[in-house]
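Asks: One structure coming up, written as structure tokens, with questions to follow.
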Amino acid sequence: MDKTAIRHAATVVMVRDRDTTPRILMGQRGATAAFMPNKFVFPGGAVDAEDALIPLATPLQPDCIAQLSHETDPDVIPSLATAAIREVWEETGLILGEAGAWAATPPADWSSFASEGYLPSAAGLTFVFRAITPPGRPRRFDARFFMVDAEEVCGDPDDFTHACDELSHLQWIALDEMKNFDLPFITQVVTAEVANLIRTDTKPQTVPFFRNDDEQSLFLRLDGARP
């Protein structure tokens, strides 16, 4: 695998208690991780080839798809939502899905999810940010950030017993306590955007896009219109 290639990725900003004291689910990456060691991050990761084969019980909303479509192969878009749901399951043990039986035997990465009796669902996902990792980093991702309310979780949002060990110290962090944690720069930027959406109680009409390439860095906004 070319470790310098830019890979599609999906990240989930899960919000809880937005009407009182909003909190966001985060965990700490390991000290030996090649990408962002020791940092507190949202659950997420690269899109896998098998994600394209996984049917969603409910797809992304049309406005979400339109905003994701900027400079993106339409065939990739469902995989972004699927990867987001898979990463949440793997890294936190929480399920974003709908009760139901799988029509076929799921791939290995999805077997434990399927065994819980659920199909993945993108019903609650809202696209809120896109960022490409700057050049020169050990890993580069074209990451799409999705916000989702903890009420979409099937089961107890405090039950992390099925989580893998990729993220430690999983916890719900209040927005006003974020300054006490070691966060990557992009995580700080996304958190500020999410905090504004929570404060105004709105869905994004345009989505920020922090685009980094070898020539320049641009901060754009995606309005859903195809270029």
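Asks: If you build the Cα gyration tensor of region 27-99 and take the root of 5 times each eigenvalue, what three semi-axes come out, in whole angstrom, biggest first?
Replies: On the way: eigenvalues 122, 49, 25 Å².
Over the Cα atoms of region 27-99, the semi-axes work out to 25, 16, 11 Å.
Asks: To continue, here is another question. Rank by packing, highest mean first: peptides 168-179, 187-198, with packing defined as the count of other Cβ atoms within 10 Å averaged across residues. Kindly include the intermediate steps, with their values, before the conclusion.
Replies: Numbers: 168-179: 14.0, 187-198: 17.5.
Ranked from most to least packed, the peptides come out as 187-198, 168-179.
Asks: Right, here's the next one. Output wanted: per-residue J couplings in Hz (rounded whole) for region 36-42, from phi through Karplus 6.51 cos²θ - 1.76 cosθ + 1.60, θ = phi - 60°, x for Gly and Pro.
Replies: Working through the residues one at a time gives 6, x, 6, 7, 8, 9, 7 Hz.
Asks: Would you mind estimating how fast region 6-222 diffuses translationally, via Stokes-Einstein at 10 °C and 1.306 mPa s with the Kirkwood radius over Cα pairs, in µm²/s? Intermediate values should be presented prior to the final figure.
Replies: Numbers: Rh = 17.5 Å.
Result for D is 91 µm²/s.
Asks: What is the spread of the Cα atoms of region 95-138 along each of their three principal axes, largest first, in whole Å?
Replies: That works out to 43, 24, 15 Å along the principal axes.
Asks: Follow-up question, since we're still on this one. So how much slack lies between Arg211 and Asp159, counting 0.36 nm per residue of separation and subtracting their Cα-Cα distance, in nm? Provide the component values of the computation, followed by the final result.
Replies: On the way: separation 52, 0.36 × 52 = 18.72 nm, distance 3.56 nm.
The Arg211-Asp159 span can extend by a further 15.2 nm.
Asks: Relative contact order, percent, of region 6-222 when contacts are C-alpha pairs under 8 Å separated by at least 6 residues?
Replies: Details: 418 pairs, mean separation 62.0, N = 217.
Here the relative contact order equals 29 percent.
Asks: Let me ask another. Identify which of Pro184, Pro204, Pro120 has the largest mean-square fluctuation in a Gaussian network model of the chain, with springs joining Cα atoms closer than 10 Å.
Replies: In the Gaussian network model the winner is Pro184.
Asks: Averaged over every viewing direction, what's the projected area of the C-alpha convex hull for region 101-190? Give it in nm², one decimal, please.
Replies: That works out to 8.2 nm², a quarter of the Cα hull's surface.
Asks: Calculate the translational D of region 1-134 in whole µm² s⁻¹ from Stokes-Einstein, where the hydrodynamic radius comes from the Kirkwood formula applied to all Cα pairs, the temperature is 37 °C and the viscosity 0.692 mPa s.
Replies: Numbers: Rh = 16.0 Å.
It diffuses with D of about 206 µm²/s by this estimate.
Asks: Treating only the Cβ atoms of Lys and Arg (+1) and Asp and Glu (-1) as charged, compute the dipole magnitude of region 6-222 about its Cα centre; round to the nearest 20 debye. Present the calculation step by step, with values, prior to reporting the outcome.
Replies: Values: 17 positive and 32 negative charges, 141 e Å.
Once rounded to the nearest 20, the dipole reads 680 debye.
Just so you know, all these numbers are worked out from the coordinates, no wet-lab data involved. On a predicted model such as this, the values are computed, not experimentally measured, just so you know. No Cβ is skipped: glycine too gets one built from the backbone with ideal geometry, and neighbour counts run over all protein chains shown.
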